[in-house]
């Protein structure tokens, strides 16, 4: 019989900064499109408020990459 060793799980890799950046750009574009085309701009406001969060996460991830 062979015994299985309890190997620790490797932590998941961190998301690269450019993924956050692209996501924030998509949210910004989606917000502007929704403001133009929508009668009820609630979703547009949500996207517009969420996009700076993506830019912040991109900046923070980029800053961590520069420190290493």
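For every residue, the table says whether it meets (1) surrounded by 10 or more Cβ atoms within 10 Å (Cβ to Cβ); (2) at pLDDT below 90.
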position: 10; (1), (2): no, yes
position: 15; (1), (2): yes, yes
position: 21; (1), (2): yes, no
position: 29; (1), (2): yes, no
Collect the residues in the stretch 33-44 that are more than 18 Å from the chain's Cα centre (by Cα), surrounded by 14 or more Cβ atoms within 10 Å (Cβ to Cβ) and at pLDDT 90 or above, keeping them in residue-number order. 34, 35
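The values are calculated or read from the model by the stated rules, or taken from the named source; none is laboratory data. All values reported here derive from a predicted model rather than from experimental measurement. Note that we place each Cβ from the backbone using ideal geometry, even for glycine, and neighbour counts take in every protein chain shown.
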